[in-house]
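The values are calculated or read from the model by the stated rules, or taken from the named source; none is laboratory data. Since this is a predicted model, take the numbers as computed values, not measurements. Cβ sites come from the backbone with ideal geometry, for glycine too, and all protein chains shown count toward neighbours.
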């Protein structure tokens with residue numbers, strides 16, 4: 001599976017000297033069982049390249065709750 005870095009993060013790839021996990025595009029294949037990458041994936045610092053939520057930061061995007069109904 002291919003992964004991208006969360007937008008704005010520069011994550012070094014210790015197995016690929018001098019390279020960083022891309023935060024745009026198709027992403028890169030990594031060993032998900034490697035403890036280094038497994039931790040980054042668990043912490044959501046790396047997200048699946050097909051994950052559309054990687055484009056929007058969930059901490060800054062407020063969901064529409066429809067609470068403005070009935071306010072006049």
Checklist entry - Within segment 18-39, can you find the residues that are surrounded by 13 or more Cβ atoms within 10 Å (Cβ to Cβ), assigned to a loop (DSSP other than H, G, I, E, B) and under 12 Å from the mean Cα position of the chain (by Cα)? => result 22, 23, 27
Checklist outcome for this item: Taking segment 7-17 and keeping residues assigned to a loop (DSSP other than H, G, I, E, B), surrounded by 12 or more Cβ atoms within 10 Å (Cβ to Cβ) and either free of Cβ contacts under 8 Å to residues at least 24 places away in the same chain or touching a strand residue (DSSP E or B) at 6+ places or on another chain (Cβ under 6 Å) (or both) leaves 13
Checklist entry - Do you know which residues across segment 41-63 are modelled with pLDDT of 95 or more, in a helix (DSSP H, G or I) and under 9 Å from the mean Cα position of the chain (by Cα)? => result 41
Next on the checklist: Report every pair of residues separated by at least 6 positions or lying on different chains whose Cβ atoms are under 9 Å apart, first residue within segment 18-30 and in contact (Cβ under 8 Å) with a residue 12 or more places away in the chain and at positive phi, second part of a loop (DSSP other than H, G, I, E, B) and surrounded by fewer than 17 Cβ atoms within 10 Å (Cβ to Cβ).
Outcome noted: 27/1; 27/50
